[in-house]
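What follows is a short report on a single structure.
Since every read-out is calculated from the coordinates, none of them should be taken as a lab result. Owing to the predicted nature of the structure, the values given are computational and were not obtained by experimental measurement.
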Amino acid sequence: MPHLLAGRLAILGGFQITNVPFAGSGPAIPQVMGGQLAGMSSPLGDWVQHHKGGKIRILATSGPDRAVFTPDVPTYREQGFGELLVREWFGFFAPAGASEAVKQNLNAALRLAMGQQDIRDFVTPLAANLEASTNAEHARRLADDSEMARRLVAALCFKADS
């Protein structure tokens, strides 16, 4: 999604960007910090420590509100790009044939784990907010995000080889 957001931002902002493929944020971060890349769009958690350390400046976040981990960073919406609204999330998936009882049991176990302080402490450095959802809510979020990605791909005329 960050790749698509950057492309849409360029269209909305009326500027050109060049996609420089990397195998994830890890190898690209030193390139941004060293000035070899002018900027990058990637998950917030990859950048928080560098932002707080003054090594880079995060220009915007894509959530509906400012991120708790970077309250000094405005959202795209605050800067006039309300269409660039994406929430990062991680989900847990079961095999397609899993029974409803198995899915409900997994969901209950995950909710219990997410309430434990050691788990919350573990994800804090990743700039992740733990937020439980029901299986139906998760399915809706997945469908909504898939539709948004489809619209972004169409708007960008994105092809698999671009």
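Okay, here's what the table says:
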| item | result |
| --- | --- |
| Nearest 10 degrees, 0 to 90: helix 2-13 Cα axis against the chain principal axis | 40 degrees |
| Cα-based radius of gyration of the chain once divided by 2.2 N^0.38 Å, which approximates compact folds | 1.16 |
| Spatially proximal aspartates and glutamates relative to residue 52 (Cα-Cα < 13 Å; intrachain offsets below 8 disregarded) | 72 |
| Cα-derived Rg over Rh, computed across segment 1-87 with Rh taken as Kirkwood radius | 0.93 |
| Relative contact order [Cα under 8 Å, 6+ residues apart], the chain, whole percent | 22 percent |
| Calculated [θ] (222 nm, deg cm²/dmol) that DSSP helices of n ≥ 4 give over the chain, each run adding -39,500 (n - 2.57) | -13500 deg cm²/dmol |
| Gap separating the Cα centres of segment 79-108 and segment 1-39, nearest whole Å | 26 Å |
